[in-house]
1. With both bridge residues required to lie in the chain, what share of the DSSP beta bridges run antiparallel, to the nearest 5%?
2. How far apart, in nm, are the 7 Å Cα→Cβ label points at residue 7 and residue 37?
3. Any idea what diffusion coefficient the chain gets from Stokes-Einstein, in µm²/s, Kirkwood Rh on alpha carbon pairs, 20 °C, 1.002 mPa s?
């Protein structure tokens, strides 16, 4: 689920992932049940994306 005001670009959000409001995810892969908290920015590179493992909150 991507909440209002959140931005997801060039990324993969797996099953039951939550990107909370006003967060930004770019060049990232989030596994199942990952939550990106309100206002957080996660950013990798096209050649080296950020990977967040299952069941984590960042």
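1. Working: 1 of 16 bridges.
So the antiparallel bridges amount to about 5 percent of the total.
2. It is 2.2 nm.
3. On the way: Rh = 10.7 Å.
Translational D for this selection: 199 µm²/s.
We did not get these values from a lab; they are worked out from the coordinates using the rules stated. Owing to the predicted nature of the structure, the values given are computational and were not obtained by experimental measurement. Virtual Cβ from ideal backbone geometry, glycine too; neighbours counted across all protein chains shown.
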